[in-house]
1. Probe radius 1.4 Å, ligands and nucleic acids ignored: give me the carbon and sulfur share of the accessible area of the chain as a rounded percent.
2. With springs only between Cα atoms under 10 Å, which of 127, 59, 150 fluctuates most in a Gaussian network model of the chain?
3. Provide the gained length on full extension for the span residue 1 to residue 36, in nm with one decimal, where the gain is 0.36 nm per separating residue minus the Cα-Cα distance.
4. Give the calculated FRET efficiency between residue 105 and residue 43 to the nearest 0.05, with a Förster radius of 45 Å applied to their Cβ-Cβ distance.
5. Per residue, what accessible area does the chain have, given a 1.4 Å probe and all protein chains present, in Å²?
6. At 0.36 nm per residue, and after removing the present C-alpha to C-alpha distance, how many nm does the segment from residue 80 to residue 158 gain when stretched out fully?
7. Need one number: % antiparallel among DSSP beta bridges in the chain, to the nearest 5.
8. Do any GluC sites (Glu not before Pro) in the stretch 83-163 lie in a DSSP loop with no more than 15 other beta carbon atoms within 10 Å, and if so, which?
Amino acid sequence: MTSRITLISPAMNRSLRETRFDDDGPLDPSGAARAESVAGSLRPAGRVLVSPTARCRETAAALGLAAVVEPRLAGLDMGRWRGLPLDEVMAREPDAAMSWLTDPDAAPHGGESVRALCERAGRWLETAAEFEGRTLAVVEQEIVRALAVTILDAPGPAFWRLDVPPLTATDLSGRAGRWNLRLGRELGTTAP
């Protein structure tokens, strides 16, 4: 049995626009309008999931999706850096920020390391593969990155080399623990 999963990155919000660690803020008006403009363009799915963050839930709603919150698809726990701009963290804690950006095991913010996120995402993928139909999930960009790193068995620092634009689809298809990956399809374009 081949499993098919489409991951949708959330629409634009203040945190994304300002390169700020997510503070669970809502979509901005342009992000909501963009999501609404591509509503109905996604292939039907037997299961629709969503990360618990506000921007993912609001993106799913704007896309017209009745999604179930999946806590295992939560974004990276940024601990005490939550809501802060990256530039501010780099200025206040340069060594800690550089450690976090270069060492996948580092969690100087008191939250979750990149490696822990990749492991959590990988465990979700193992169980998601058991679902027989198509799965659609609106998830944070870091979940897309973590799954790509896991599927490709890439080294942890590769996480930071993957760009996931807002409102793009990443398609996964796999069988028997082997996955194929198609990154960054704009919503509104034809799915494979």
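1. 51
2. In this elastic network of the chain, the residue with the biggest mean-square fluctuation among 127, 59, 150 is 127.
3. Numbers: separation 35, 0.36 × 35 = 12.60 nm, distance 3.33 nm.
Fully extending the segment from residue 1 to residue 36 adds 9.3 nm.
4. On the way: r = 38 Å, r/R0 = 0.84.
Using R0 = 45 Å, I get an efficiency of 0.75.
5. Heavy-atom accessible area per residue stands at 48 Å².
6. Values: separation 78, 0.36 × 78 = 28.08 nm, distance 2.41 nm.
The span from residue 80 to residue 158 would gain 25.7 nm if fully extended.
7. On the way: 15 of 26 bridges.
Antiparallel bridges make up about 60 percent of those DSSP assigns within the chain.
8. 130, 132
The values are calculated or read from the model by the stated rules, or taken from the named source; none is laboratory data. All of these numbers come straight from a predicted model, not from anything done at the bench. Glycine gets a Cβ as well: all are built from the backbone with ideal geometry, and neighbour counts include every protein chain shown. For the accessible areas, the whole protein counts, side chains as well, though only heavy atoms, and no ligand, DNA or RNA atoms are used. Shrake-Rupley method; radii C 1.70, N 1.55, O 1.52, S 1.80 Å.
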